[in-house]
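Values in this text are rule-based calculations from the coordinates and carry no lab data. Note that the structure is a prediction, hence the values are computed from the model and not measured. Neighbour counts run over all protein chains shown; Cβ positions are idealised from the backbone, glycine included.
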Amino acid sequence: MTERLQKILSQWGIASRRQAEQMILDGRVCLNGEVVQIGQKANPQHDWIEVDGTRIHPSDRPKPIYLLLHKPAGVVSTCHDPEGRTTVIDLVAPSIGVDTGVHPVGRLDTASTGALILTNNGAVTFGLTHPRHAVPKTYQVWVEGSPSFDTLEQWRQGVILEEQLTLPATVRVLDQAQDQTLLEVVLREGRNRQIRRVAEQLGHPVRQLHRVTIGSIQLGKLPSGQYRYLIESEIKFLQVQAKGCEPPLPELQVSEPKLKIGVSESKGYKL
């Protein structure tokens, strides 16, 4: 059965769908000895597929890996950083290896902390980031000042960003201090730096932003800089969210849920 090459690379855990497309654009992927173009198809059972000069095959496909990382501040949510900053992959690579195809699902900006999923299952990545599947994400956000009821209501109903109204959000006050307020914000979309941009526009800039849940997957007491393997029910949740956006997912393989320490020190999160 023929499939688009970027989909094949994604399903085999070579890279995320977007990363695979960039690899093709960069001329790093060959089909039967010829450099391929975006949209080109192949039959993995009969065609010769190479990445960076090395042939890949379904038998080389790594087993699916699903991780939840507590991203610390100052770490970038990418696989590589041209500026040499620590990436989320740097935190997990010492234990899981660098050739597993694991990549972050979505992003948290560099200053933000909290729950971030990493996997080498491209179908799950594509499904979770597809607009069709609005997975709710919960954040604890310290903002400057004390937002009024009308301001919070405006946030809940939607704010114009780049000429487009944001989707309705759940926003409630958790705590207040003399010059700042702790909010719980639940989003069903993920525009670039959305919470920070909305808060700034409403006159209450973000001081700290921390993601505590992704759908039914909770960060809990996982220390900063550490990660754990997802349990079976959490993996099934991801598969349900991704269903319909990609071909059938790889057979479920679950590793024991253990805490792993990345390259950064374990630090507790303090609001």
| task | Once you've got the Cα coordinates, tell me which of K221/K243; K41/K243; K137/K243; K41/K63 are over 27 Å apart. | result | K221/K243
| field | L165, L5 arranged by Cβ crowding within 10 Å, fewest neighbours leading | value | L165, L5
| request: Extending each Cα 7 Å along its Cβ direction at Q176 and R156, get the distance between those two points in nm, one decimal. | output: 1.6 nm
| field | FRET efficiency, 1/(1 + (r/R0)^6) with R0 45 Å, evaluated for H46 and E83 via beta carbons | value | 0.60
| task | Could you grab the relative contact order for the range 3-60? Cα pairs under 8 Å, six or more apart, rounded to a whole percent. | result | 32 percent
| query | With contacts defined as alpha carbon pairs under 8 Å and 6 or more residues apart, what's the relative contact order of the range 137-214 in percent? | reply | 47 percent
| query | Expressed as a rounded percentage, what relative contact order does the range 36-168 have, with Cα pairs under 8 Å and six or more residues apart? | reply | 19 percent
| field | Proxy reagent accessibility, fewest Cβ within 10 Å first, across S112, S146 | value | S146, S112
| message | Let's test the formula: R0 of 25 Å, r as the Cβ-Cβ distance of S216 and R18. What FRET efficiency results, to the nearest 0.05? | response | 0.50
| task | Let me know the shape class of the range 3-60, please: from the alpha-carbon gyration tensor, a ≥ b ≥ c as square roots of the eigenvalues, rounded when a/c is under 1.5, otherwise prolate if a/b is greater than b/c, or oblate. | result | rounded
| note | Expected sort for I217, I8, I231 with the fewest Cβ neighbours (10 Å cutoff) up front is I231, I217, I8
